[in-house]
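Encoded as structure tokens, the structure appears first; notes follow it.
Quick note: the coordinates plus some simple rules give every number you see, no bench work behind them. Keep in mind the model is a prediction, meaning the values are calculated, not measured. Cβ placement follows ideal geometry from the backbone for every residue including glycine, while neighbour counts extend to all protein chains displayed.
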Amino acid sequence: MSETQKGFEQGDLQDQRIGKDYKSDLGVTHTHTVTLPGFRTQSGFEFDELELSYQTLGTLSHERDNAILVCHALSGDAHVAGISPKNRRPGWWDYHVGPGKAIDTDKFFVICSNVLGGCSGSTGPGTLNPRTGKPYGMAFPPVTIRDMVAAQARLMDHLGIPRLFAAIGGSMGGMQGLVWAVDYPNRIHCCVPIATCMAHSAMQIAFNEVGRQAIVSDPNWKNGAYEARSRPEHGLAVARMVGHVTYLSEFSMREKFGRALQDEAKAKRTYRAFFPEFFKVESYLHYQGDSFVGRFDPNSYLYITKALDTFDLLDNRLPAEVLKAVKARFFVVSFESDWLYPPAQSRELVKTLKRSNAVVTYLNLDTRYGHDSFLIDNPAFSRAVHNFFDSEYRRLRSQLKKTTQALRL
Amino acid sequence: MYQNLYSQVIQWVPERARVLDLGAGDGEFLERLVREKRVAGEGVELDAVKVTRCIERGLAVHQGDVMDGLDQYGDGAFDYVLLLGTFQELRPSEKLVREALRVSRRLIVSYSNFAHVRVRFQMAFTGRSPVTQALPSPWYRTPNIHFFSILDFEDFCGEMGLREVERACFNARGRVRWLPNLRAEVALCLLEAGPK
């Protein structure tokens with residue numbers, strides 16, 4: 001069994017059954033919450049205050065030049081690596097963030113925050129609306145990827161980080177990284193967008209809409225004004241099931257499930273009386289759905305998927321105009337088997353960046369596990385990211401040395 | 001032989017030029033160019049493992065084939081495009097040259113000379129495809145798809161409207177100035193668009 005296959009058996013870290021013996025090199029890690037005053041969304045909504053949940057790992061250098069912001073994807077949260085003291089679960093990117101790993105916490109100061117609109121400690125539709133004393137629900141303003149990044153920028157101000165060494169993330173996290181490079185050109189040295197795109201295609205929007213429809217057609221949804229004890233859990237679980245199918249590949253499904261049937265004892269779904277055959281893949285999807293419901297808010301799912309669908313890096317403007325001020329150096333990564341964010345979208349991104357004179361490195365890995373390839377234990381991916389950060393940090397340091405020398409002269 | 005060839009390229013490329021290396025491999029030569037000539041260098045390479053090595057060296061590199069690599073860049077993005085040892089492996093040659101001239105004013109191309117005396121002798125006396133220092137693989141394992149001589153390449157340049165600004169030919173003993181089509185194993189030339 002190859003290393004990658006072993007990693008896949010372990011699966012991505014958020015929803016898989018992780019054994020008690022899983023050990024993180026980081027030990028127990030904590031998340032914090034900060035309250036920031038006053039925030040205006042792109043749509044013009046004013047929050048009196050904004051709560052952001054975040055985690056930091058490693059140590060900020062004296063020059064404050066080693067900060068890496070990790071941006072999470074749709075279902076992620078601030079708990080990026082290490083073991084959570086609450087539920088003993090490892091962070092969603094524990095395979096790649098830690099001492100000596102792709103994002104080396106011995107060398108870099110790593111920050112990850114839950115996105116605006118999320119449901120893991122940051123302000124979102126589940127937060128109490130100070131004007132009504134009830135959760136915002138659908139009164140929550142539409143959020144965009146740009147809003148999420150603007151909130152992160154405020155967090156960086158709070159943490160005293162004038163300029164990021166890097167922003168990195170997969171899928172929606174990659175979009176955030178791109179927005180950092182475009183909206184804050186002077187506050188970022190390099191950017192690593194992984195398995196992402198400049199704007200969703202019709203297919204990507206379509207899958208998200210199926211998920212949203214599953215939620216809003218759940219009778220418990222009640223136009224978003226559901227009670228904590230009667231949430232539209234079934235709808236959310238179905239949305240997650242659809243999503244999960246799109247994150248896998250034909251290969252990973254065949255390898256993991258094939259046409260195998262689930263054990264009788266574990267097959268406890270309701271319509272079994274009519275159709276006795278219960279496939280392993282069905283059981284897996286049910287597990288994914290159920291596990292997701294426990295940690296995610298249905299309204300957040302609506303808001304965040306809408307943010308994904310409406311994202312457009314160029315917004316109908318000319319690339320040269322949008323990317324004019326960009327200074328970051330890019331490392332774009334895609335996966336050959338990813339059919340949700342296919343390599344063609346990454347190539348389009350690379351071409352657009354390059355033709356606007358950005359310096360871009362592009363790597364398309366032949367990892368066979370679909371969109372999830374960046375979440376699993378993936379040594380080839382890990383090595384490439386590690387090498388990129390290593391050489392870019394050396395470059396940044398030598399630039400810094402040159403400027404200070406020039407200033408002394 | 002190849003050491004001489006690479007040193008010659010380094011001599012031809014001016015300081016701080018913008019260089020695109022097509023088929024950059026693990027980036028060893030491009031890194032040398034960056035170090036010795038402080039060029040703004042980028043590479044294109046198909047093999048993911050080699051791309052990762054390039055990244056380790058701090059080079060900006062695009063994983064893809066040569067045509068895809070060229071397609072990433074706007075007109076005149078570079079001063080020099082390097083095709084070192086890759087030209088004979090690529091098709092279609094004409095389209096490739098046109099694309100390369102779109103992104104760069106000048107090309108530096110190296111190739112194995114199929115009319116070298118040893119090749120001619122092997123063909124003539126053994127009746128089999130040649131295996132030499134410059135053509136090391138047997139016919140069934142070679143990445144080469146074009147087999148051409150220095151004279152062939154001259155004809156090709158004429159047809160493509162390429163002007164040979166410089167040429168340097170080498171064999172195992174060093175630079176070859178006299179009867180290159182017979183005596184040189186590898187040829188290197190600096191080309192630009194324009195009449196001969």
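A few notes on this one:
- Three-way shape call for region A:294-369 based on the alpha-carbon gyration tensor, with the a/c threshold at 1.5: oblate
- Spin-label model distance (nm) - B:Glu94 vs A:Arg40, 7 Å beyond Cα toward Cβ: 6.0
- Shielding of A:381-393 by partner chains, average beta-carbon count, 10 Å: 3
- Between 0 and 90°, nearest 10: helix A:172-183 axis offset from chain A longest Cα axis: 30
- Theoretical gain in end-to-end length, A:Leu128 to A:Lys402 [0.36 nm per residue, Cα-Cα removed]: 93.6 nm
- Each helix, a run of at least 4 DSSP H residues, gives -39500 (n - 2.57); summed and divided by the residues of chain B, these come to -10500 deg cm²/dmol at 222 nm.
- P(r), alpha carbons of region A:120-209 - 10 Å bins starting at zero, rounded %: 15, 37, 31, 16, 0
- Mean-position separation - Cα centroids, region A:354-409 and region A:302-325, in angstrom: 23
- Estimated FRET transfer efficiency when R0 is 45 angstrom, pair A:Ala206-B:Arg16 (beta carbons, to 0.05): 0.35
- Region A:224-325 shape via C-alpha gyration tensor axes, a/c threshold 1.5: oblate
- Here the Debye sum runs over all C-alpha atoms of region B:148-196 as equal scatterers in vacuum, and log10 of I(q)/I(0) at q = 0.18 Å⁻¹ comes out as -0.54.
- The C-alpha atoms of the protein assembly as shown occupy a region whose extents along the principal axes are 91, 70, 44 Å, arranged from largest to smallest.
- Taking every DSSP bridge with both residues inside region A:78-198, close to 20 percent are antiparallel.
- Legend: mean number of C-beta atoms from other chains within 10 angstrom of residue C-beta atoms, peptide B:51-61, equals 6.
- Above-threshold pairs, the threshold being 27 Å between Cα atoms, out of A:Lys327/A:Lys401; A:Lys101/A:Lys324; A:Lys101/A:Lys280; A:Lys23/A:Lys256: A:Lys101/A:Lys324; A:Lys101/A:Lys280
- Gyration tensor (alpha-carbon) shape descriptor, region A:131-263, a/c threshold 1.5: oblate
- Pairwise label distance in nanometres, B:Phe125 with B:Arg35, each label 7 Å out on the Cα-Cβ vector: 4.2
- Sorted from greatest to least, the principal axis extents spanned by the alpha carbons of region A:183-226 come out as 48, 25, 14 Å.
- Distance from the C-alpha centroid of region B:117-134 to that of region A:158-204: 56 Å, rounded to the whole angstrom.
- Approximating the spin labels as points 7 Å out from Cα along Cα→Cβ, the A:Ala260-to-A:Val245 distance works out to 2.1 nm.
- As a rough guide to protection, the peptides A:194-204, A:131-141, A:305-315 ranked by mean Cβ packing within 10 Å, highest first, stand as A:194-204, A:305-315, A:131-141.
- Considering only alpha-carbon pairs that sit under 8 angstrom and 6 or more positions apart, the relative contact order computed for region A:210-369 is 22 percent.
- The slack in the chain from A:Leu60 to A:Arg383, taken as 0.36 nm per residue of separation less the alpha-carbon distance, amounts to 114.0 nm.
- Treating r as the C-beta distance of B:Gln3 and B:Trp139 and R0 as 30 Å, the FRET efficiency rounds to 0.65.
- From the largest down, region B:47-196 spans 49, 40, 27 angstrom on the principal axes of its Cα atoms.
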